[in-house]
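The values are calculated or read from the model by the stated rules, or taken from the named source; none is laboratory data. All of these numbers come straight from a predicted model, not from anything done at the bench. Positions of Cβ are generated from backbone atoms using ideal geometry, with glycine treated the same way; all protein chains shown enter the neighbour counts.
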Amino acid sequence: MSQATDLADCTATELLALYRGRRASPVEATRAVLQRIDALNPKLNAFCHLAPDEALAAAKASEARWARGQPGGALDGVPTSIKDLILTRGWPTLRGSRTVDADQAWDVDAPATARLREAGAVLLGKTCTPEFGCKGETNSPLTGLSRNPWNPDKTPGGSSGGTAAAVAAGMGPLSVGTDGAGSVRIPAAFCGNFGLKPSFGRVPAYPLSPMGTVAHLGPHTMSVRDAALMMNVLSLPDARDWHSLPADGRDHLDGLDDGVRGLKIAYSPRLGYAEGVDAEVAAAVDAAARALQSLGATVEAVDPGIDDPLPITIGLWFVGAWTVWNDLSAEQQALADPDFAAEAEQGSRYSALDIQRLTRERGALGSQMRRFMQRFDLLLTPAVAVPAFDARPAGHRPLTPRSMLGWTPFSYPFNLTQQPACTIPCGLTKAGLPIGLQLVGRMFDDATVLRAARAYETVRPIARPALDFG
């Protein structure tokens with residue numbers, strides 16, 4: 001393989017070591033990644049906006065800093081992408097929607113984008129999302145179908161599908177996604193990369209999601225160490241987010257390799273209610289539970305005793321969609337994704353009393369999970385109940401609560417409870433599609449989630465797809 005191909009396949013941690021040893025430069029790495037994007041993005045449709053000239057200019061500035069022995073931050077020179085729901089100065093943030101006017105001032109960085117710039121990351125472009133991040137597939141009337149690098153006939157998941165596809169395919173080792181009902185973890189599971197939904201408020205957001213306090217931001221990477229490195233940057237405070245947690249001074253790399261010996265893990269294959277879990281998914285996650293036990297964790301098969309909170313998630317989500325819908329003109333509404341329009345229509349049926357009752361039920365769920373997690377350090381489940389399914393256009397079938405989220409029953413509960421949760425690959429199906437396991441932590445204990453994922457990664461390193469689809 002050429003050096004360019006090797007560099008495109010490097011993790012951020014590996015690139016930084018190469019820069020430090022003067023065995024590669026940010027310009028070489030950025031050119032390698034841009035070459036990979038040129039080759040694969042026409043097939044995968046992971047990026048909706050690219051800025052190669054800006055990326056190379058940033059890489060050259062980084063190269064000069066490294067040559068002086070003065071890197072400008074923790075991610076100096078690392079090629080990175082941003083999901084197209086997250087404001088990025090100088091680039092349009094169209095949110096996967098034909099309703100957003102690209103011809104306006106784009107002069108604000110969201111907190112995540114600002115922190116990445118400050119850390120020296122080389123920003124490549126924006127990754128595809130369904131309209132307003134509204135579903136677990138990445139398709140929209142604006143950007144079309146995004147595809148899975150393990151099999152382009154399959155969906156990369158969503159709503160951070162472009163992000164996950166880009167990272168898995170070597171189109172930049174780092175990316176930022178959002179997660180309101182699983183939108184980091186679903187595509188990470190489908191595309192075979194590591195995805196972390198941090199504790200709510202740990203990564204500041206601005207503007208806040210119209211979907212409310214279920215929405216999180218988090219890293220997509222090809223190694224747990226890279227995610228910890230990103231968290232050191234993304235978790236820095238920003239006063240624009242009044243929900244954001246105060247800085248705790250944590251270095252997420254500290255203790256990352258401490259292993260799982262002595263940790264208590266609850267293993268719940270169905271959370272007590274999930275139906276239709278694919279047999280290959282179930283078997284792979286069961287093997288992962290045994291692997292963690294062999295590493296020294298105490299693993300107990302136990303359900304947390306919760307009912308399926310899909311009605312709570314759907315109610316809060318659809319009312320958010322209805323809120324956005326009412327900010328659109330009739331002309332804009334006519335341009336909307338039919339799936340988003342269906343969500344908004346269903347959201348219109350909820351009364352204020354309905355939402356107050358759902359909020360009360362959410363509070364009871366959160367309390368129940370807090371008490372359950374007093375007995376355990378972690379909860380282990382499948383990440384998604386099924387492997388990646390066929391890539392399908394927007395509006396391909398009527399949108400109902402079950403068609404929207406019924407196949408991902410393990411993700412949305414932990415948006416409601418705001419707990420940290422990650423997915424890490426734990427095998428492949430016979431058809432060669434990735435399977436993900438989910439690790440859920442106690443609220444604010446993101447460090448233990450990362451530590452356990454890193455321990456598992458030592459016995460099952462994250463693999464890349466073959467990328468031989470032409």
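Here Trp66 qualifies as modelled with pLDDT of 95 or more, assigned to a helix (DSSP H, G or I), surrounded by fewer than 24 Cβ atoms within 10 Å (Cβ to Cβ) and not aliphatic (A, V, I, L, M). Is one or more of the residues making up the stretch 306-319 in contact with a strand residue (DSSP E or B) (Cβ under 9 Å, 6 or more places away or on another chain), hydroxyl-bearing (Ser, Thr, Tyr) and either in a helix (DSSP H, G or I) or farther than 24 Å from Gln418 by Cβ (or both)? For the stretch 306-319, residues in contact with a strand residue (DSSP E or B) (Cβ under 9 Å, 6 or more places away or on another chain), hydroxyl-bearing (Ser, Thr, Tyr) and either in a helix (DSSP H, G or I) or farther than 24 Å from Gln418 by Cβ (or both): absent. Residues that are more than 26 Å from Gly363 (Cα to Cα) and either surrounded by fewer than 24 Cβ atoms within 10 Å (Cβ to Cβ) or modelled with pLDDT of 95 or more (or both) do occur in the stretch 180-188, at least one of them.
Just one residue in the set Asp257, Asp226 is at pLDDT 95 or above, under 30 Å from Leu433 (Cα atoms) and surrounded by 24 or more Cβ atoms within 10 Å (Cβ to Cβ); that residue is Asp226.
Filtering Thr88, Thr80 for residues that are free of Cβ contacts under 8 Å to residues at least 60 places away in the same chain and in contact with a strand residue (DSSP E or B) (Cβ under 6 Å, 6 or more places away or on another chain) leaves a single hit, Thr88.
Within the stretch 77-93, the set of residues being buried (at least 17 other Cβ atoms within 10 Å of the Cβ) and either acidic (Asp, Glu) or in contact with an Asp or Glu (Cβ under 8 Å, 6 or more places away or on another chain) (or both) comprises Gly77, Asp84, Leu87, Thr88, Thr93.
The selection criterion, being farther than 28 Å from Gly427 by Cα, free of Cβ contacts under 8 Å to residues at least 60 places away in the same chain and surrounded by fewer than 20 Cβ atoms within 10 Å (Cβ to Cβ), does not hold for Ala342. Candidates Ala102, Ala74: the one that is surrounded by fewer than 22 Cβ atoms within 10 Å (Cβ to Cβ), modelled with pLDDT of 95 or more, aliphatic (A, V, I, L, M) and in contact with a Pro (Cβ under 7 Å, 6 or more places away or on another chain) is Ala102.
Residues satisfying the criterion are present in the stretch 327-336 (criterion: among the small types (Gly, Ala, Ser), in a helix (DSSP H, G or I) and farther than 30 Å from Gln438 by Cα). Selection of first residues in the stretch 287-306 that are in contact (Cβ under 8 Å) with a residue 40 or more places away in the chain and farther than 15 Å from Gln374 by Cβ and of second residues that are outside any strand (DSSP E or B) and of a type in the set (Val, Ile, Thr), restricted to Cβ pairs under 6 Å at least 6 apart or on distinct chains, gives the following pairs, ordered by first then second residue: Ala291/Val459; Leu292/Val260; Leu295/Val260; Ala297/Val260.
Condition check ((1) touching a Pro at 6+ places or on another chain (Cβ under 7 Å); (2) touching a residue at least 40 places away in the same chain (Cβ under 8 Å); (3) hydrophobic (A, V, I, L, M, F, W, C)) across all residues:
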residue: Leu263; (1), (2), (3): no, yes, yes
residue: Ser268; (1), (2), (3): yes, yes, no
residue: Ala274; (1), (2), (3): yes, yes, yes
residue: Ala282; (1), (2), (3): yes, yes, yes
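Taken together, Ser175, Ser199 contain a single residue that is out of contact with any His (no Cβ under 7 Å at 6 or more places or on another chain) and either surrounded by 24 or more Cβ atoms within 10 Å (Cβ to Cβ) or of a type in the set (Gly, Ala, Ser) (or both), which is Ser199. Taking each residue of the stretch 386-402 that is more than 21 Å from Asn45 (Cβ to Cβ) and looking for partners that are part of a loop (DSSP other than H, G, I, E, B) and at pLDDT 95 or above with beta-carbon atoms closer than 6 Å, six or more apart or interchain, yields Val386/Asp278; Val386/Trp407.
Got at least one residue in the stretch 127-149 being crowded, with 24+ Cβ neighbours inside 10 Å, touching a Pro at 6+ places or on another chain (Cβ under 7 Å) and among the β-branched types (Val, Ile, Thr)? Looking through the stretch 127-149, at least one residue is crowded, with 24+ Cβ neighbours inside 10 Å, touching a Pro at 6+ places or on another chain (Cβ under 7 Å) and among the β-branched types (Val, Ile, Thr). For the stretch 422-456, the tally of residues that are of a type in the set (D, E, K, R) and surrounded by fewer than 18 Cβ atoms within 10 Å (Cβ to Cβ) stands at 2. Any residue that is within 25 Å of the chain's Cα centre (by Cα) and either at positive phi or not in a loop (DSSP other than H, G, I, E, B) (or both) - is there at least one of those in the stretch 293-305? No, every residue in the stretch 293-305 fails to be within 25 Å of the chain's Cα centre (by Cα) and either at positive phi or not in a loop (DSSP other than H, G, I, E, B) (or both). Among the residues making up the stretch 101-136, those that are free of Cβ contacts under 8 Å to residues at least 40 places away in the same chain and acidic (Asp, Glu) are Asp101, Asp103, Asp107, Asp109. For the stretch 417-450, name all the residues that are on the phi > 0 side of the Ramachandran plot and within 15 Å of the chain's Cα centre (by Cα). Correct list: Gln418 only. For Val184, the stated conditions do not hold, so it cannot be described as among the β-branched types (Val, Ile, Thr) and over 11 Å from the mean Cα position of the chain (by Cα). What number of residues within the stretch 4-34 satisfy the criterion of being surrounded by 17 or more Cβ atoms within 10 Å (Cβ to Cβ) and part of a helix (DSSP H, G or I)? Here the count works out to 18. For beta carbons closer than 6 Å, sequence separation of 6+ or different chains, a first residue in the stretch 206-231 that is more than 20 Å from Phe194 (Cα to Cα) and a second that is assigned to a loop (DSSP other than H, G, I, E, B) and among the aliphatic types (A, V, I, L, M), the qualifying pairs are Tyr206/Ala110; Ser209/Ala215.
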